[in-house]
Amino acid sequence: MHRKKTVHAGKGSRQWIENFQLSEEAQGLHNYSVQLLPPDLANLKCVNLVANTSVRISDEKELRVLYIQGALTWDYKFVNLAMRDDPMMKLTGLTRTSKQSVFRQNVESAGN
């Protein structure tokens, strides 16, 4: 176990996001797991106790992400909000709005 956090229980159901700061010595694909160790309470029900993700560590100066969707949804907005504070991440969105129309977001000019 790399790190342990204690989360205090509240009344009713709830959802929250936790952050973990890690560093790796080697580049490449690294797999991480987060496990919830709930207290033994009769009225506590937990749906998911384990979550897994893969993270690619790279020495790239800039990572470009092309986000393509078939219709306008809120997804791009929330991905953009999650990535906007990271100066290495450059997000471009393309969304089909009709048969002959595409909505472009954060498209840089050809010289950049």
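The values are calculated or read from the model by the stated rules, or taken from the named source; none is laboratory data. Computed from a prediction, not measured in an experiment: that's the story for all the values here. Every residue, glycine as well, gets a Cβ built from its backbone with ideal geometry; the counts of neighbours run over all protein chains shown. Only protein heavy atoms, including side chains, enter the accessible area calculation; ligands, DNA and RNA are left aside. Shrake-Rupley method; radii C 1.70, N 1.55, O 1.52, S 1.80 Å.
Nothing charged except the Cβ atoms of Lys and Arg (+1) and of Asp and Glu (-1): what's the magnitude of the dipole of the chain about its Cα centre? Round to the nearest 20 debye.
The calculation lands at about 520 debye.
Answer with one residue from Ala26, Ala42, Gln105: the one whose Cα lies farthest towards the positive end of the charge dipole of the chain, charges on Cβ with Lys, Arg +1 and Asp, Glu -1.
Towards the positive end, the residue furthest out is Ala42.
I want to check a number: in the chain, how many lysine pairs have alpha carbons closer than 21 Å, given a sequence separation of 8 or more or different chains?
5
Find how many whole Å separate the alpha carbon centroid of segment 2-53 from the alpha carbon centroid of segment 62-91.
Result: 24 Å between the Cα centres.
Would you mind telling me which residue in Gln69, Gln15, Gln100 has the biggest mean-square fluctuation in a Gaussian network model of the chain, where springs connect alpha carbons within a distance under 10 angstrom?
Gln15
In deg cm²/dmol, rounded to 500, what helix-only [θ] at 222 nm does the chain give when every DSSP H run of at least 4 residues adds -39500 (n - 2.57) and the total is split over its residues?
It lands at -2500 deg cm²/dmol.
Please work out the FRET efficiency for the pair Leu41 and Leu72, using the Cβ-Cβ distance as r and a Förster radius of 35 Å; give the result to the nearest 0.05.
The pair Leu41/Leu72 has a calculated efficiency of 0.25.
Counting DSSP beta bridges with both partners in the chain, what percentage is antiparallel, nearest 5?
Expressed as a percentage, antiparallel bridges in the chain total about 65.
Over the chain, what percent of the accessible surface lies on carbon and sulfur atoms, probe 1.4 Å?
51 percent
Given all pairs of different Cα atoms, what value in angstroms does the Kirkwood hydrodynamic radius of the chain take?
This gives a value of 18.1 Å.
Taking all protein chains together and a probe of 1.4 Å, list Asp85, Asp75, Asp59 from the most accessible to the least accessible.
From most accessible down to least: Asp85, Asp59, Asp75.
Quick one: grab the alpha carbon gyration tensor of segment 47-87, order the square roots of its eigenvalues as a ≥ b ≥ c, and give me rounded if a/c is under 1.5, else prolate or oblate depending on whether a/b is larger than b/c. Before the final figure, lay out the partial values.
Numbers: a/c = 1.96, a/b = 1.02, b/c = 1.93.
Cα axes put segment 47-87 in the oblate bin.
For the charge dipole of the chain, defined by +1 on Lys and Arg C-beta atoms and -1 on Asp and Glu C-beta atoms about the Cα centroid, which residue among Asn52, Leu63, Gln15 has the Cα displaced farthest towards the positive pole?
Result: Gln15, furthest along the dipole toward the positive end.
Could you give the accessible area per residue of the chain, probe 1.4 Å, as a whole number in Å²?
Working: 10340 Å² over 112 residues.
I get 92 Å² per residue for the chain.
Taking springs between alpha-carbon atoms closer than 10 angstrom, which of Asn48, Asn80, Asn31 fluctuates most in the Gaussian network model of the chain?
Asn48
Run the paramagnetic zone check for Asn48: 7 angstrom along Cα to Cβ, then residues of segment 1-31 with backbone nitrogen under 15 Å.
14-19
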